[in-house]
Amino acid sequence: MFFKTGFVRTRLSAMMFMQFFVWATWWVPVFTYAVRGRPFLDGSQAAWLVATTALGAMISPLLVGPIADRLFATERVLCVLHVVGGLCLFLAAQGEGFWWLFGCLMVHTLCFMPTLALANSLTFRNLPNPDLFPRIALFGSIGWVVSGWIVGFGIGETNPGIFYLAGAVELLLAAYCLSLPHTPPKGEAKTVADILGLKAVTLLKDPAFLLFVVCAFLIVIPASFYFNGCNLMLKETDRPAPTALQTLGQIIEMGVMFTMPWFISMMGLRAILAVGMAIWALRYVFFATLSFPFIVLGLLLHGFAYVFVFVGAYIYVDKKAPADLRASAQSFIAFLMLGVGMFLGSLLSGRVIDSYPPFVGSAPATRQIVVEKDGVAKAQPVETLERAPLPDWDEIAERLDADGNGQIWLKELEAIQEPGFQVVDETPARGGAVKRRTVTYSRGDLIRVFTKIDDHKPIRTRGDFKTAKIGEISVERADWLAAQVHHWPPMWLWFAFVAGVICAAFAVGSVFTPDDIPAAASAEPPQPPPAEPATDEEGEDLALAPPESPLPA
């Protein structure tokens, strides 16, 4: 029996590892990929790509729930959903327009988001002891961290390989699901009110619970800016391995998760929530400094900010709601925070990022795409791009820095031959073909970009001052990168201010709305998400309620 149980735990742990590996691989860097990679979208468009997970969390339970609950075994539903989701990620890697990316990722998340709760449900139903769940869920956290290391140190945030890797692992996971223990459907019918937790609306008559719901919903909006903007900020400010760097937050988060009962017993749940909101504001202030040590400190605080607010909210609901409404209340708060709140926060984040653009973020160019298969090349018409991403500095320096001194001078730009400076990018296409993109920048347009950057750069030496006086151009790597950075400090400070106001409102409101949950009673909270969706005392489970991620990085 011991060996049989241990084998089941190993198989479930592998499922959890791949589940969150897939999600983290594309979702964490997707904003950076969209804004600084080949698609070159604006912030508002990139935010819609991030928001697909929130939309999937809101919509997919209504579509997949009746099938998973009543008709098919859980492991087979997981297999089908992962096959479709994995194929969509492969398709996303091969396109670059907004609507193509949004369509592929929207279908993917509609398939992927319900698998989070289904995987938790399958795990609980095949464990002899539910207390073993945290050890299995830990492998989801490990999968998230390993994914960040691979993307940060290997693939890179602007490489479509993030979709290929995630898609390949998801297809592997689809096949693996068929080897999991058979888990038949329960045959229970769920209404829309059950899935979205609308029965819990009656709890809003309690002023303390109403205050909690409003503030928990509102704090997610500024919190969403981290998930949209942090990876891009790290990339633009030339920090090492941005996605890997962000996993510092997840590593701390795992420790905070296991010490949560101690924090609750010492402080009480409402204080935990208030402190969590305050930490969101504090870490944003750290990010606004753009100082690397403070950025690292802000990343380390992610574990406290996320667990105290998101996991704390689930524990609060579990303690506050009566047994017959507990499942509905959990689904309701998940729908508000991880669905509506994340969605609105992502869209607002994109608008704010567009409001503080870089000094020089693009240049006019032309682009031609050639698809080659079996030695036959098919060229598409040349496109004129009003704004194209600037070439990578290393490529410019390799081809234009004739004297190898790390600077580009006017005479070196004037040596560019017609038709201009060309950047060629090759990627796999459908059917074994190769897609070759050639982006051409005219000599005149590049000179104008370099002149603008030269005017913007700080005067570091007397030589710089001299070149400024005689009209010469001298641009080095630091100048090139600095001109392409969004104006991040005011963005972080605005969202820090909003988070601070919400924290203050919750703290003050708590004084005037006494709660009936003593700190001591909360010292042993239920296991935090990811977990099987809340189950009431009569055994009702909402297997496809909007899911919770343990590690949105």
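Readers should treat all values here as calculations from the given coordinates under stated rules, not as data from a laboratory. In this text, all values refer to a predicted model and were calculated from it rather than measured experimentally. Quick reminder, even Gly has a Cβ in these numbers, built from the backbone with ideal geometry, and neighbours come from all protein chains shown.
Dipole size in debye (nearest 20) for segment 33-163 around its Cα centre, Lys and Arg Cβ +1, Asp and Glu Cβ -1? Provide the component values of the computation, followed by the final result.
Working: 6 positive and 6 negative charges, 34 e Å.
Dipole about the Cα centre, nearest 20: 160 debye.
Can you compute the label reach from D238? Point 7 Å from Cα along the Cβ direction, backbone N cut-off under 12 Å, restricted to segment 37-67.
No residue passes the distance filter.
What FRET efficiency do you get for A415 and V501 if R0 is 51 Å and r is their Cβ-Cβ distance, rounded to the nearest 0.05?
Working from the Cβ atoms, E equals 0.35.
Tell me which of G268, L62, A288 sits at the most positive position along the dipole axis of the chain, charges placed on C-beta atoms (Lys, Arg +1; Asp, Glu -1).
L62
How big is the chain by Rg and Dmax over its Cα atoms, in Å?
Cα-based Rg and Dmax for the chain come out at 25.4, 84 Å.
Sorting check: for 423-430, 49-56, which peptide has the highest mean count of neighbouring beta carbons within 10 Å, and how do the rest follow?
The peptides rank, most packed first, as 49-56, 423-430.
Where does each of E170, E398 land when they are ranked from fewest to most other beta-carbon atoms within 10 angstrom?
In increasing order of surrounding Cβ atoms, one gets E398, E170.
In deg cm²/dmol and to the nearest 500, what is the mean residue ellipticity at 222 nm of the chain if only DSSP H runs of at least 4 residues count, each as -39500 (n - 2.57), divided by the residue total?
-20000 deg cm²/dmol
At what distance in nm do the modelled label points of T513 and M266 sit from each other, each positioned 7 Å from its Cα along Cα→Cβ?
2.7
Which shape class, rounded, prolate or oblate, goes with segment 275-355 when its Cα gyration tensor gives a ≥ b ≥ c as root eigenvalues, a/c under 1.5 marks rounded, and past that a/b bigger than b/c marks prolate?
Oblate, because a/c is 1.5 or more while a/b does not exceed b/c.
Of the peptides 308-314, 150-156, 328-334, how do they stack up when ordered by the mean number of other Cβ atoms within 10 Å, highest first?
On the way: 308-314: 25.3, 150-156: 18.7, 328-334: 27.1.
Ranked by mean Cβ neighbours within 10 Å, highest first: 328-334, 308-314, 150-156.
Could you work out how much longer the chain between A168 and N129 gets when fully extended? Use 0.36 nm per residue separation minus the Cα distance between them, nm to one decimal.
Computed gain between A168 and N129 is 10.8 nm.
Under unit Cβ charges (Lys, Arg +1; Asp, Glu -1), what dipole magnitude, rounded to 20 debye, does the chain have relative to its Cα centre?
120
Given the options T427, P222, P358, identify the residue whose Cα lies farthest towards the positive end of the charge dipole of the chain (+1 on Cβ of Lys, Arg; -1 on Cβ of Asp, Glu).
T427
Just to verify a number: FRET efficiency for Q422 and I447, C-beta to C-beta distance, R0 = 22 Å, to 0.05?
Efficiency for this residue pair is about 0.85.
Indicate the helices, whole DSSP H runs only, in the chain that combine a mean Kyte-Doolittle hydropathy of 0.0 or more with a Cα extent along their long axis of 18 angstrom or more.
Answer set is 2-27, 43-70, 74-94, 98-125, 133-150, 161-177, 207-236, 242-267, 269-288, 342-355, 488-512.
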